[in-house]
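Report on one structure; see the data block that follows.
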Amino acid sequence: MPREFVTPPAMEPGDRVAVVAPSSGGARDAPHLLELALDRLRDVFDLEPVVYPTARQRDGFLRDHPEARAADLHRAFRDPDIRGVFATIGGDDQLRVLKHLDAEVLREHPTRFYGMSDNTNLGLFLWREGVVSFNGAQLLNEIATPGSVPEYTERYCRRMFFEDPAGELEASDEWTDEPTHWWTDPSLLGERPEYEPNPGWRWAGGDETATGRLWGGSRSILDWHLASDRYLPDPGRLDGAVLCIETAEHVPFPWDVAGSLMAMGERGLLERFDAVLVGRPPTRSYASDTPGGDRDAYREDVYDAVAEQVGRYNPDAPVVLGLDWGHTNPVAPMPVGREVTVDPSERRVVVR
């Protein structure tokens, strides 16, 4: 295993970028969304997308052929003219792709990868190989948002695309988790969802400044890796790291979130992290509704559950709850594998 982490080179305007489907074939079912995402890569970010075969494949084929998804990733990373790799959408079985990946190819040809949700699997795989990836900027649900790309999303995507991703993370002014029907109704893509004021971050846990390397992603995918135990790093490599975790659109019960952290605690992992960052949980989605119906109370219950479990196993770790990251909009992609400083006294989170 490599001792040093590498951040793949930044992209530049005009660069060619790969569009792949390492997870599900959602773009096949919503070609209007894929075309909108491609247009925005060109028009908003001045990037030239190159659509790889998996991006237009049906979901059944991708499920039957995880090796084809891995092959597209290998081709994209190997191509010296490709400067970034974008996932179309998430899904629920990318774990099956990992055994088909050639770690040496990804390690020897580090390229900026952008994806979230099920694509947490690939991010964790790259972390183990010492390659920084970006949890966010996924095409169909973060670049092809209804209305237009939120200013906050565009600002942080530009940082994660074209710069060294260092700098301070700040809270957005507004946010939304309003479910829309953009997936099946192209006419709704021009309608901006209803946003609401962002109350900002909530802080909990210890009060000492911590600096460590980001590790994590979608809670459910972390559960898979704990259960399968095939792609976790050596526990010692997590000493002093910073856990980042977000809940998916399934709107889990707070006690399910608590259970994930309890399992990490009982395994002796939660105590290794020097800080914990939590993305804002969706309170409604196409998949399910808020348990109990009170959106604000649900969000606070999730935060309470996280704070309680971290406090039980790692009381000195500062906890930041409600970052603009995960399954709500807008988003700042998280540079998984980069070092961040969490400063409770100044209420700051800074990518080093």
Q | Criterion violated by R83 - all others in (1) out of contact with any helix residue (DSSP H, G or I) (no Cβ under 6 Å at 6 or more places or on another chain); (2) more than 26 Å from V131 (Cβ to Cβ) satisfied | A | (2)
Q: Give the residues of the stretch 276-299 that are modelled with pLDDT of 90 or more, assigned to a loop (DSSP other than H, G, I, E, B) and surrounded by fewer than 16 Cβ atoms within 10 Å (Cβ to Cβ), sorted by residue number.
A: D294
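Matching residues to (1) surrounded by fewer than 16 Cβ atoms within 10 Å (Cβ to Cβ); (2) outside any loop (DSSP other than H, G, I, E, B); (3) small (G, A, S):
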position: T145; (1), (2), (3): no, no, no
position: S148; (1), (2), (3): yes, no, yes
position: C157; (1), (2), (3): no, yes, no
position: P165; (1), (2), (3): no, no, no
position: S172; (1), (2), (3): no, no, yes
position: L188; (1), (2), (3): yes, yes, no
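Quick grid of which residues meet (1) in contact (Cβ under 8 Å) with a residue 12 or more places away in the chain; (2) over 20 Å from the mean Cα position of the chain (by Cα); (3) assigned by TED's automatic domain parsing to the domain that holds G337:
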{"residue": "N135", "(1), (2), (3)": "yes, no, no"}
{"residue": "S187", "(1), (2), (3)": "no, yes, yes"}
{"residue": "R192", "(1), (2), (3)": "yes, yes, yes"}
{"residue": "W203", "(1), (2), (3)": "yes, yes, yes"}
{"residue": "E208", "(1), (2), (3)": "yes, yes, yes"}
Q: Could you please find all residues in the stretch 1-52 being free of Cβ contacts under 8 Å to residues at least 40 places away in the same chain, of a type in the set (D, E) and in a helix (DSSP H, G or I)?
A: E35, D39, D43
Q: Look through the stretch 233-244, keep the residues that are in contact (Cβ under 8 Å) with a residue 60 or more places away in the chain and surrounded by 14 or more Cβ atoms within 10 Å (Cβ to Cβ), and return whichever of them is farthest from G259 (Cα to Cα).
A: R237
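Regarding L222, is this residue of a type in the set (A, V, I, L, M, F, W, C) and either over 21 Å from G91 (Cβ atoms) or touching an Asp or Glu at 6+ places or on another chain (Cβ under 7 Å) (or both)?
When the stated conditions are applied, L222 does not pass them.
Just to check your reading of the model, which residue among D81, D59, D64 is outside the structural domain of A332 (by TED's automatic domain parsing), out of contact with any Leu (no Cβ under 7 Å at 6 or more places or on another chain) and at pLDDT below 95?
Details: D81 fails: at pLDDT below 95; D64 fails: at pLDDT below 95.
Answer to the selection: D59.
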Q. Pick from V276, V257: which is in contact (Cβ under 8 Å) with a residue 60 or more places away in the chain, among the aliphatic types (A, V, I, L, M) and not assigned by TED's automatic domain parsing to the domain that holds F134?
A. V276
(Q) From the list A55, A68, exactly one residue is within 23 Å of D15 (Cα to Cα), part of a helix (DSSP H, G or I) and of a type outside the set (D, E, K, R). Which is it? (A) A55
Q) Any residue in the stretch 199-220 that is at pLDDT 95 or above, crowded, with 17+ Cβ neighbours inside 10 Å and in a helix (DSSP H, G or I)? A) yes
Q.
Scan the stretch 176-183 and tell me whether some residue there is acidic (D, E), part of a loop (DSSP other than H, G, I, E, B) and farther than 22 Å from R280 by Cβ.
A. no
Q: Could you please find all residues in the stretch 9-36 being farther than 19 Å from D93 by Cα and either touching a Phe, Trp or Tyr at 6+ places or on another chain (Cβ under 8 Å) or of a type in the set (S, T, N, Q) (or both)?
A: A10, M11, E12, P13, V17, A18, A30, L33
Q.
Test of understanding: among V331, V306, V319, V342, which residue is more than 16 Å from the chain's Cα centre (by Cα), assigned by TED's automatic domain parsing to the domain that holds P233 and not in a strand (DSSP E or B)?
A. V306
Q | Every residue from the stretch 108-143 that is in a helix (DSSP H, G or I) and either in contact with a Lys or Arg (Cβ under 7 Å, 6 or more places away or on another chain) or among the hydrophobic types (A, V, I, L, M, F, W, C) (or both) | A | L122, L124, F125, L126, W127, L139, L140, I143
Q | Those residues of the stretch 75-104 which are farther than 25 Å from R42 by Cβ and in a helix (DSSP H, G or I), in sequence order | A | Q94, L95, R96, V97, L98, K99, H100, A103, E104
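The values are calculated or read from the model by the stated rules, or taken from the named source; none is laboratory data. Quick caveat, the model's predicted, so the values are computed rather than measured. Neighbour counts are summed over all protein chains in view; Cβ atoms, including those assigned to glycine, are modelled from backbone coordinates with ideal geometry.
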